Amino acid sequence: MSAAPRSALAAMVAGAALISTTSLFVRFADVPPTVSAFYRTAIGGLALLAGLLALRRWRPGGWRAAGLMLLPALAFAVDLWLWHRSIHRIGPGLATLLGNFQVFLMALAGVWLYRERLGLRFIAGLVLAFAGLWLLVGRGWGGFDADYRGGVVLGIATGVAYAVYMLTFRQAQRGRLDLSAAQWLCLNSLLCAAMLGAVGLGEGVSFAVPDVQSWLSLLGLGLVGQVLGWVLIARAMPQLPASLVGLLLLLQPLLSFVFDVLLLARPTVALDWAGLAVSLIGIFVASVRVPAAGKG
């Protein structure tokens with residue numbers, strides 16, 4: 001392996017590990033879910049803006065760039081609003097795993113929008129993923145209270161919102177504006193923060209941060225999860241095979257689940273670990289496409 005792919009591999013692993021901490025930061029920040037989502041995007045967006053200005057890489061996009069990013073920002077705001085609530089109800093590990101089910105929705109969107117074909121790999125992956133999910137939550141569904149069940153529904157809805165975000169973000173980047181990925185992410189973050197701030201005011205929640213632990217968690221959420229982790233991933237992805245990228249990205253839900261068990265004492269039995277493994281295998285199988293003959 002050459003030096004570039006080796007460094008890209010290290011960056012990809014580091015990025016996936018860093019974003020796996022975001023759900024923990026949400027739990028450790030003693031603020032309402034909408035408020036933690038607001039600070040995540042506000043801190044991340046301002047950090048990206050400062051970096052782009054310092055490096056003189058901010059390019060004028062005007063109202064057109066902001067207009068193109070409105071729908072992705074709305075989708076991401078909904079995603080975070082749902083996900084942060086799911087984290088508080090069912091824990092960081094399961095909430096993160098459920099959010100990764102967006103892989104299947106993205107594939108279905110590809111069929112609908114781009115007439116892509118789904119093969120046996122996708123069907124096998126779908127079956128495995130939902131079999132694993134049944135082992136995690138389905139077999140004990142009757143024993144869960146309404147709050148926990150609601151958290152599972154919120155987690156699945158998170159995957160829907162995130163799929164919409166990914167699709168609309170890609171479409172915005174095709175708007176014939178020569179802006180870097182970092183600038184698009186900056187615009188998205190700031191617009192998303194404005195939306196979440198408005199929602200928080202409508203909910204009547206307080207934006208006050210109660211203590212040092214909460215401030216550190218929110219800074220970690222914004223700087224580590226929203227900026228550093230995704231910058232590393234964005235730089236590494238073009239240099240690595242798609243199959244390896246898909247595999248390494250599964251470190252996020254895996255590590256989130258492990259952190260949930262180790263740091264938050266999530267009750268876990270052998271069937272839970274089996275369900276996690278089967279779901280992750282299913283997500284990986286469904287997300288990796290076998291290239292057609294003649295394609296690189």
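Worth pointing out:
- The single condition from (1) at pLDDT below 95; (2) touching a helix residue (DSSP H, G or I) at 6+ places or on another chain (Cβ under 8 Å) that Leu46 fails is (1).
- Among residues of segment 41-61 that are closer than 10 Å to Ser180 by Cβ, those with a Cβ under 8 angstrom from a residue that is part of a loop (DSSP other than H, G, I, E, B), sequence gap 6+ or separate chain, pair up as Leu52/Trp58; Leu52/Ser180; Arg57/Ser180; Arg59/Asp178; Arg59/Leu179; Arg59/Ser180.
- Test: residue in segment 56-68 that is within 23 Å of Trp215 (Cβ to Cβ), in contact with a helix residue (DSSP H, G or I) (Cβ under 7 Å, 6 or more places away or on another chain) and either open to solvent by less than 20 Å² (accessible area, probe 1.4 Å) or modelled with pLDDT of 95 or more (or both): no
- Restricting Val26, Val13, Val103 to those that are touching a Leu at 6+ places or on another chain (Cβ under 9 Å), closer than 30 Å to Pro267 by Cβ and open to solvent by less than 40 Å² (accessible area, probe 1.4 Å) reduces the list to Val26.
- Filter pass, Val152 being modelled with pLDDT under 90 and touching a helix residue (DSSP H, G or I) at 6+ places or on another chain (Cβ under 6 Å): no
- Screening Pro92 with (1) over 19 Å from Thr168 (Cβ atoms); (2) surrounded by fewer than 22 Cβ atoms within 10 Å (Cβ to Cβ) gives one miss only, at (2).
- Condition check for Leu223: free of Cβ contacts under 8 Å to residues at least 12 places away in the same chain, open to solvent by 10 Å² or more (accessible area, probe 1.4 Å) and within 23 Å of Asp30 (Cβ to Cβ): no
- Segment 162-190 residues that are in a helix (DSSP H, G or I), paired with ones that are basic (Lys, Arg) (beta carbon under 8 Å, 6 or more apart): Ala182/Arg57; Gln183/Arg57; Gln183/Arg59
- Where Trp81 falls short, out of the listed (1) modelled with pLDDT of 90 or more; (2) of a type outside the set (S, T, N, Q); (3) surrounded by fewer than 21 Cβ atoms within 10 Å (Cβ to Cβ): (3)
- Across segment 115-143, the qualifying residues are those that are at pLDDT 90 or above and of a type in the set (Phe, Trp, Tyr), and the one among them that is nearest to Ile90 (Cα to Cα) is Trp134.
The values are calculated or read from the model by the stated rules, or taken from the named source; none is laboratory data. No experiment lies behind these values; they were computed from the predicted model shown. So basically every Cβ, Gly included, is an ideal-geometry build from the backbone, and we count neighbours across all protein chains shown. Just the protein is used for accessible areas: all its heavy atoms, side chains included, with ligands, DNA and RNA removed. Shrake-Rupley method; radii C 1.70, N 1.55, O 1.52, S 1.80 Å.
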